[in-house]
Structures are given as C-alpha cells and as structure tokens.
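Below is one structure, written out as structure tokens, with a few remarks after it.
The values are calculated or read from the model by the stated rules, or taken from the named source; none is laboratory data. These figures come from a predicted structure and were not determined experimentally. Cβ placement follows ideal geometry from the backbone for every residue including glycine, while neighbour counts extend to all protein chains displayed.
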Amino acid sequence: MSEYAKLAKVEVKARGRGMQARVRLPDKVKFTSDSGNFINFYCGMGQYECGLSTAVGRPGWRWFVNSLGGEGNGGGTFGEFQNGEQVTIKLTLNNATGQTEFWVNGHCKYVFSRRWSEQTGFDNCRFIFGALTAQYNGQTLPPWGSWHTLAVANSLMYKDAAKVWRPLERSVATVSAFHWPSGVQCPDPQDYMVHDETLNCGAVSAELWCN
C-alpha cells in the first residue's frame, strides 16, 4: 500500500549542502481517525529527511532522523516538545568530515556515517510540512484525519555549494502544496493552506485545520 499524504514544500532552486529553520509548532493538533496518522515538519536534502514529528496517541513531539539509504530511522522521545514551542532544526554536511549531521536547538542529535566529497551539492534542499492520514489501498480515499493549526518555519536558511549559509528568499526558492496519491479523487481539504507572503523574510507557514 502507498501513503495518503498532504505536503507543503519550500525548495531551494540552487544546489546546496544544508537547510535549517526555526519551527513554531502548531497550538493545536487533532486526529479524527487512528489509521497510522502522523504529522512531520522537517528539513531534507538528497536522501536525508530529519525534523520534528507527532502521531496519533502520542504525548507531544519528538525529533526524528530518516534516510532512504536505510541508516537512521529513529529519533527522540515523544513529549520532548509540546504544541506552541519553537524548535530550531538544522540538517547539514559537516565541512570537515563530509558527514551529514542533524542538529536540534544547537545540539547535534545524529551523525550519518556516509562521507560526501567537497564537491557534493544536493539539488533538492527543502523544508516540508507533511501529514499522513492512512495507507492507501487502491480503493476510495477515506476522510482526512490529521489536522493542525498554523505552523511556522522562520529563519529559513540554506548552505550553498560554497559552504556559506544564506537566508531563503523568493528569488532562490519555490513553494508548493500537493498530495498523493495523485490522480485519485481527494476528500477536502485538497491540500495544505500555505502562506508564503513572508518568504522574502525567510518565513513560510502552513495549516490543515477544521473546527
């Protein structure tokens, strides 16, 4: 089965070696079904996706690390962070070792073992607001069940190919909202409500909410 998910993405147009943001977690989270629901906000580049997560039945948020290469796929303890908190996350290639590191509030939480070259630059440095409500089994999509009020990614920055951290602005980034599976009738809401009018100030916000 495949995921039934909704996402909002801020993606850097240039090749880069890192991504960071100060995330203000939503004031409210609600799950209206219990079929594997979770909400993730994370920095990504290449095969790496690392950030903050909560899930149905969990007491608050935790940090997590994930790699399509199979390494990582773990994290902290749910409840380490609570709704409304601000948490700074950073995913970066270490300039000296070439290893990918994930930092939370100024503390290194995980170092991946693979070493990348001095010339490495990823063409998909990104920040993601993401939510999943079920596993899609090829039948009709169920009603959406993972909800949160406004979440904000402030102080968005990327590390360019020259290893310099630069603030994100509209000239170097794109913002999009989408869902999968595609090509299937999707219950409301179709996608995230995204607010990108502050992108030139390095901030984007998004919400999925119903009263």
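Sort out which residues of the stretch 56-69 are in a loop (DSSP other than H, G, I, E, B), under 26 Å from Lys30 (Cβ atoms) and of a type outside the set (A, V, I, L, M), and write them in order of number.
Kept after step one, since they are in a loop (DSSP other than H, G, I, E, B), are these residues of the stretch 56-69: 56-60, 68-69.
Restricting the remaining residues to those that are under 26 Å from Lys30 (Cβ atoms) gives 56-60.
Of everything in the stretch 56-69, those that are in a loop (DSSP other than H, G, I, E, B), under 26 Å from Lys30 (Cβ atoms) and of a type outside the set (A, V, I, L, M) turn out to be Gly57, Arg58, Pro59, Gly60.
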Lone qualifier among Thr100, Thr149 - being surrounded by fewer than 18 Cβ atoms within 10 Å (Cβ to Cβ) and not basic (Lys, Arg): Thr149
Scan of the stretch 157-202 for residues that are out of contact with any Leu (no Cβ under 9 Å at 6 or more places or on another chain), farther than 16 Å from Ala8 by Cβ and among the β-branched types (Val, Ile, Thr), ordered by number: Val164, Val172
Any hit, the stretch 45-52, residues being assigned to a strand (DSSP E or B), among the hydroxyl-bearing types (Ser, Thr, Tyr) and under 15 Å from the mean Cα position of the chain (by Cα): yes
Within the stretch 2-34, considering residues that are farther than 28 Å from Glu118 by Cβ and β-branched (Val, Ile, Thr), the one modelled with the lowest pLDDT: Thr32
Qualifying residue in the stretch 195-210 (condition: of a type in the set (Phe, Trp, Tyr) and either within 26 Å of Asp27 (Cα to Cα) or out of contact with any Cys (no Cβ under 6 Å at 6 or more places or on another chain) (or both)): yes
Residue within the stretch 151-162 that is β-branched (Val, Ile, Thr), modelled with pLDDT of 95 or more and in contact with a helix residue (DSSP H, G or I) (Cβ under 8 Å, 6 or more places away or on another chain) present: no
Yes/no for Ala14 being under 29 Å from His195 (Cα atoms) and crowded, with 16+ Cβ neighbours inside 10 Å: no
Members of the stretch 148-200 found to be over 17 Å from Gly130 (Cα atoms), without any contact (Cβ under 8 Å) to a residue 24 or more places away in the chain and not in a strand (DSSP E or B), listed by number: Ala162, Val164, Ser171, Gly183, Glu197, Thr198
Qualifying residue in the stretch 27-46 (condition: surrounded by 22 or more Cβ atoms within 10 Å (Cβ to Cβ), aromatic (Phe, Trp, Tyr), under 16 Å from Leu150 (Cα atoms) and touching a Phe, Trp or Tyr at 6+ places or on another chain (Cβ under 8 Å)): yes
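Out of the residues in the stretch 129-147 meeting the condition of being part of a strand (DSSP E or B), closer than 24 Å to Leu25 by Cα and aromatic (Phe, Trp, Tyr), tell me which one is modelled with the highest pLDDT. Break it down stepwise before answering.
Step one: of the stretch 129-147, the residues part of a strand (DSSP E or B) are 129-136, 146-147.
In the following step, the residues that additionally are closer than 24 Å to Leu25 by Cα were identified as 129-134, 146-147.
Okay, now just the ones that are also aromatic (Phe, Trp, Tyr), so 129, 147.
Details: Phe129: 98, Trp147: 94.
Per the criteria, the residue is Phe129.
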The stretch 154-177, subset over 10 Å from Leu199 (Cβ atoms) and among the basic types (Lys, Arg), residue surrounded by the most Cβ atoms within 10 Å (Cβ to Cβ): Lys159
Gly72 at positive phi and either part of a strand (DSSP E or B) or surrounded by fewer than 16 Cβ atoms within 10 Å (Cβ to Cβ) (or both): no
